[in-house]
Amino acid sequence: EPEVTQTPSHQVTQMGQEVILRCVPISNHLYFYWYRQILGQKVEFLVSFYNNEISEKSEIFDDQFSVERPDGSNFTLKIRSTKLEDSAMYFCASSEKFANSFYEQYFGPGTRLTVT
Amino acid sequence: QKEVEQDPGPLSVPEGAIVSLNCTYSNSAFQYFMWYRQYSRKGPELLMYTYSSGNKEDGRFTAQVDKSSKYISLFIRDSQPSDSATYLCAMSGGRGSTLGRLYFGRGTQLTVWP
């Protein structure tokens, strides 16, 4: 069964460093998402991406964050200058569509980011 | 954010019990209501979804949506130890956002003991 994969599973970085989290969505999916979950808190939407453009972003997704689909298979989230409060589990998801009706979002296993 | 509220539990029940999980929400524009299940060290996995109000049944699972009360429920009948997981409610289609943006509750941790 196709699945979303994410690398690395755990990333430790120092405050102020740049990190890139990588995701390989399901191959025929067209819509991609990033969510994060701070320990003990809700899963929060960061951004959705379609056709090489951001479709929607949340208030969390500020100028420190960027997303990219560098090739036909990867989808990346970059945090330019990490802060302690960026420590969280980051989930990538993908779906076939989401336009006018419901399409299931398939989630990857997550990357745990620890900022020290 | 108070968009979606869910009691985090934990909830511990014996095998065979009926489990009731609930969420409330504030955004009356939500259109789709989902229940995700999350096992340890895994991403959320869609269990069921409902469009607008009403009930939906899938095997031992029943999802209910009451839009007038802004309240959704998931019932698990004849619960099994394999149902032990964290259950997250999620919603989309809120005012000013796309259907692809999911708003999650905190999740309820469920343990079903043999």
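Does B:ASP78 satisfy being more than 10 Å from chain A (Cβ to nearest Cβ) and within 15 Å of the chain's Cα centre (by Cα)?
Considered against the rule, which asks whether it is more than 10 Å from chain A (Cβ to nearest Cβ) and within 15 Å of the chain's Cα centre (by Cα), B:ASP78 comes out as no.
Being under 12 Å from A:LEU113 (Cβ atoms), under 14 Å from the mean Cα position of the chain (by Cα) and of a type in the set (Ser, Thr, Tyr) narrows it down to one of A:SER9, A:SER58, A:SER66, A:SER48, so name that one.
A:SER9
Starting from residues that are polar (S, T, N, Q) and surrounded by 17 or more Cβ atoms within 10 Å (Cβ to Cβ), keep the ones in region A:26-54 and report whichever is farthest from A:LEU77 (Cα to Cα).
Looking at the filtered set, the residue picked out is A:GLN37.
With the structure loaded, tell me whether B:SER92 is surrounded by fewer than 21 Cβ atoms within 10 Å (Cβ to Cβ) and either touching a helix residue (DSSP H, G or I) at 6+ places or on another chain (Cβ under 9 Å) or among the polar types (S, T, N, Q) (or both) or whether it fails that test.
No.
Restricting the search to region A:85-102, which residues are assigned to a loop (DSSP other than H, G, I, E, B) and either facing chain B (nearest Cβ under 8 Å) or modelled with pLDDT of 95 or more (or both)?
A:SER87, A:PHE98, A:ALA99, A:ASN100, A:SER101, A:PHE102 - these are the residues of region A:85-102 that are assigned to a loop (DSSP other than H, G, I, E, B) and either facing chain B (nearest Cβ under 8 Å) or modelled with pLDDT of 95 or more (or both).
Please identify the pairs in which a residue from region B:37-55 that is away from chain A (no Cβ under 11 Å) and exposed (fewer than 14 other Cβ atoms within 10 Å of the Cβ) has its Cβ atom under 6 Å from the Cβ atom of a residue that is at pLDDT 90 or above and in a loop (DSSP other than H, G, I, E, B), counting only partners at least 6 apart or on another chain.
B:SER53/B:LYS67
Assuming A:THR116 fulfils every condition listed in (1) modelled with pLDDT of 95 or more; (2) under 26 Å from B:TYR39 (Cα atoms) apart from one, which condition is it?
Only one criterion is unmet by A:THR116, namely (2).
The values are calculated or read from the model by the stated rules, or taken from the named source; none is laboratory data. Note that the structure is predicted; figures quoted are calculated from it, not measured. So basically every Cβ, Gly included, is an ideal-geometry build from the backbone, and we count neighbours across all protein chains shown.
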